Amino acid sequence: MRSRGILSFVLVLLFIAMEFAMLGAQNEIAMEIGKTQALLMQMEKASYVRNEIEQNSDFLIERVMENELKGGNYDPETIRGKICSALFGYFTDVESAYAAHPSIKFYSAFASSSEYQELPLKVKAPLQESDICANSKVIVVKDLEGYSAEFSYTGGIFKDRAVFAEIAYGNYLQVFAIPFDYAITAEA
């Protein structure tokens, strides 16, 4: 009887030890799940903000061109200047609005289109309005129905001048970039 009692006691101790080990593992798993959920929320917020910047930039460029064409301004250089000014103003406002979580900073850097993911590692300078204007163009065309205009960001002669933003939220960093050969049209 004693050997059965000792064996039972040892088995009970083993089960208790296994239970504590599983509880410890559950706590560790729960902490990892919490960290993963926090990172996913940061990623989602950064993606949302990047998408918001993309859509607002498109809208802004299109509206400036439409307003200029409707106002009788068909000079491509003047339209380009107004677009650059409006975009730079918008980017400045975005930086101010998102100074904390997420934080957004706009830059320019020399990079090729294949290096977009490496932009945060590049030598970069704070974005200037001239970085947008010097590397973009506007074409105005008159057809049978009226005027149309196209704004395109070329990235310069060598397609190597990137305009981008770093969107940092917690431990996550996402990049918004105006792609080379990006173009948007408007009609009036």
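The values are calculated or read from the model by the stated rules, or taken from the named source; none is laboratory data. Values in this document were obtained by computation on a predicted structure and should not be read as measured data. Positions of Cβ are backbone-derived with ideal geometry, glycine not excepted, and every protein chain shown enters the neighbour counts. To get the accessible areas, we keep the full protein, side chains included, count just its heavy atoms, and leave off ligands, DNA and RNA. Shrake-Rupley method; radii C 1.70, N 1.55, O 1.52, S 1.80 Å.
Structure above, values below:
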read-out	value
Long-range HN-HN contacts of residue 182 with modeled amide H, under 5 Å	153
1.4 Å probe accessible area per residue over the chain, in Å²	62
Gyration tensor (alpha-carbon) shape descriptor, the stretch 1-92, a/c threshold 1.5	prolate
Loop GluC sites (Glu not before Pro), the stretch 119-188, which have at most 14 other Cβ atoms in a 10 Å radius of their Cβ (DSSP)	145
Rounded D (µm²/s) - the chain, Kirkwood Rh over Cα pairs, Stokes-Einstein at 10 °C, 1.306 mPa s	79
Folded to 0 to 90 degrees: helix 2-70 orientation relative to the chain principal axis, Cα	10
Spread of Cα-to-Cα distances over 5 Å intervals beginning at zero, given as percent, for the stretch 129-188	4, 17, 20, 16, 14, 12, 9, 4, 2, 1, 0
The stretch 97-188, relative contact order [Cα under 8 Å, separation at least 6], %	34
